Amino acid sequence: MSEAKIVLVTGASQGIGAATAGAFARAGHQVVLAARGAEKLAAAKEALGEAGARCLGVPCDVTDPQSVEALFRTIGERFGRLDVVFNNAGSNVSTTLVGDITWEEWRRVVSVNLDGAFLIASAAFRMMRDQDPRGGRIINNGSISAHVPRYGSAPYTASKHAITGLTRSISLDGREFDIACGQIDIGNAASAMTARMSGGVPQADGTLKAEPTIDVTHVADTVVQMAALPLDVNVQFITIMATTMPFIGRG
C-alpha cells in the first residue's frame with residue numbers, strides 16, 4: 001500500500017492472524033490485534049519487535065455483540081477510521097461424524113466462524129460507509145473447506161461454505177459505498193490448527209495420511225497484497241495451498 005492504513009486483524013494472537021498482523025505492521029501500517037486473550041495478545045505484539053510499536057492489542061470475543069461494539073468504539077476513538085479488516089478468527093472440533101457432533105460443539109464452531117465473522121464485518125461495514133473519506137476493504141478467511149469438506153468436519157465445512165455467501169453479499173452491498181470484500185481460501189498453512197497433519201489426517205477413502213503444509217508467512221503476504229489494491233480493484237476469491245495437498249482432482 002502506498003500510504004499507511006488502519007488495519008484490524010481478528011484471531012490475531014496466534015497462527016495466521018499473528019503472522020498477518022505482523023506483515024501489515026512491518027509494511028508500515030497501524031494494526032489493531034483482536035483476540036480473546038489479553039496475555040496472548042500482549043505476547044504476540046511483543047514478538048513483533050519494533051513493528052509492535054505500530055500495533056494495538058484489544059481483547060475481543062467476536063461472538064459477543066457487545067464485545068465487538070466495544071472493539072469498534074476503541075478503533076473509532078483511537079484512529080477515527082478503519083481501512084482494512086482481515087476477518088480471521090476461527091474455531092474447529094476434532095474429526096467427528098455428523099451424527100456424533102453435539103449441539104454444543106456445533107454452536108461453538110458456528111458462533112466463532114460465522115456469527116463472529118458477521119458481527120465483525122457488519123460493524124466494519126458501518127464504519128467504512130460512514131467515515132470520510134468513505135470506503136475500505138474486508139477480507140474474509142474462508143478455507144479449502146469453503147469448496148469441499150474433510151471427513152468428519154460438518155460444523156467447520158458448513159461455516160466456511162457460509163462465509164462464501166457472506167463474502168458475496170458484502171461485495172454486492174458495498175459497491176455504492178466503496179467497500180470491497182474478498183476471500184482467501186487457505187489450504188494447510190502451518191499453525192496450531194494444522195499441527196496434527198504431520199502425524200496423519202483421515203482421508204475420504206478411510207486411510208490416515210500425513211499432508212504437506214505451507215509456511216504461514218505466504219498467507220500473510222498474500223493478504224497484505226490483496227489489501228494493497230486500490231478500492232476499484234478487488235481479489236474476489238483466491239486460493240493459497242500446499243501444492244501437493246489432497247484437494248485438486250483425486251489428491
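The values are calculated or read from the model by the stated rules, or taken from the named source; none is laboratory data. Since the structure is predicted, the reported quantities are computational estimates derived from the model, not experimental observations. Because the Cβ atoms are built from the backbone with ideal geometry, glycine has one as well, and the counts that use them run over all protein chains shown.
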Next item on the list: Kindly check whether there is at least one residue in the range 138-152 that is closer than 22 Å to P65 by Cα, at pLDDT 95 or above and either touching a Lys or Arg at 6+ places or on another chain (Cβ under 7 Å) or part of a helix (DSSP H, G or I) (or both).
Entry: yes
Check: Taking strands (runs of 3 or more DSSP E) that do not extend beyond the range 1-97, which have at least 2 residues that are β-branched (V, I, T) and in contact with a Phe, Trp or Tyr (Cβ under 6 Å, 6 or more places away or on another chain)?
Finding: 6-10
Next item on the list: Name the single residue, out of those in the range 61-110 being within 14 Å of R36 (Cα to Cα) and of a type in the set (S, T, Y), that is nearest to the chain's Cα centre (by Cα).
Entry: S91
Notebook entry, point to check: Among A51, A47, which is the only one that is touching a residue at least 24 places away in the same chain (Cβ under 8 Å), buried (at least 17 other Cβ atoms within 10 Å of the Cβ) and in contact with a helix residue (DSSP H, G or I) (Cβ under 9 Å, 6 or more places away or on another chain)?
Noted result: A51
Margin query: Of everything in the range 112-157, what is under 30 Å from G249 (Cβ atoms) and either acidic (D, E) or surrounded by fewer than 18 Cβ atoms within 10 Å (Cβ to Cβ) (or both)? Give them in sequence order.
Written below: H147, V148, P149, Y151, G152
Next item on the list: Could you list, in sequence order, all residues of the range 158-201 that are under 16 Å from the mean Cα position of the chain (by Cα), buried (at least 18 other Cβ atoms within 10 Å of the Cβ) and modelled with pLDDT under 90?
Entry: N188, A189, A190, T194
Item checked: Some residue of the range 125-134 being part of a loop (DSSP other than H, G, I, E, B), of a type in the set (A, V, I, L, M, F, W, C) and more than 18 Å from D61 (Cβ to Cβ) -> no
